[in-house]
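Quick notes on the structure that follows.
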Amino acid sequence: MAKLESLTPNIMVNNVNATIDYYTNNLGFKLIDTNPESGQHDWGYVILDNVGMMFQEEKSLKTEYKEIEPLNIGGALTFYIRVKDINSYYNRISQEANIIKPMNKTFYGTNEFAIMDLNGFILTFSEIPE
């Protein structure tokens, strides 16, 4: 029987280089791979701990998947990321990131905050208190 093992979103962006720079310098992700290896990238892959994200330039992704040609970057999509030691991560990135929802305790008992990245995507970071 098939078993799903991971999920790594491939996100359409205007500028892969700027997006990689934002995620590595502002959010602490590590650059894993790009295509091409240097210059203006069409695609890039970053990871922080167990969370990986890929970024692909809009024209490149729309060439690969004709079905998304009419769609815009951003939109009604958020990323929900579980974190250990959320206060430490919040303190680490809060001066560099666009915090759109400050640290708060949710009605379902988690500690969370949310940012909007340079492409308009919302990332919510969440920790279940011990």
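Per-structure values
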{"read-out": "Inter-label distance, nm, simple model (7 Å from Cα along the C-beta direction), Ile100/Phe79", "value": "1.4 nm"}
{"read-out": "Only Lys, Arg (+1) and Asp, Glu (-1) charged, at Cβ; the chain dipole about Cα centre in debye", "value": "340 debye"}
{"read-out": "Candidates Leu77, Leu31, Leu48: whichever shows maximal mean-square fluctuation once the chain is modelled as a Gaussian network with Cα springs under 10 Å", "value": "Leu77"}
{"read-out": "Globularity index of segment 3-61, i.e. its alpha-carbon radius of gyration over 2.2 N^0.38 Å", "value": "1.08"}
{"read-out": "Where chymotrypsin sites (Phe, Trp or Tyr not before Pro) fall in DSSP loop in segment 23-90, at most 16 other Cβ within 10 Å", "value": "Tyr65"}
{"read-out": "Cα→Cβ-extended label distance, 7 Å offset, between Leu7 and Ser126, nm", "value": "1.1 nm"}
{"read-out": "Hits among aspartates and glutamates - C-alpha to C-alpha of Lys84 under 17 Å, sequence gap 8 or more where chains match", "value": "Asp49, Glu112, Glu127, Glu130"}
{"read-out": "Fewest-first ranking of Lys66, Lys101, Lys3, using other Cβ atoms within 10 Å as the exposure measure", "value": "Lys3, Lys66, Lys101"}
{"read-out": "Segment 2-39-segment 97-130 distance, computed between alpha-carbon centres (Å)", "value": "20 Å"}
{"read-out": "Least to most buried among Glu127, Glu69, Glu64, Glu5 (fewest other Cβ within 10 Å first)", "value": "Glu5, Glu69, Glu64, Glu127"}
{"read-out": "Folded to 0 to 90 degrees: helix 16-25 orientation relative to the chain principal axis, Cα", "value": "20 degrees"}
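Coordinate-derived values only; no laboratory data. This is a predicted model, so every value here is computed, not measured. Here Cβ is always computed from backbone atoms with ideal geometry, including for glycine, and neighbour counts include all displayed protein chains.
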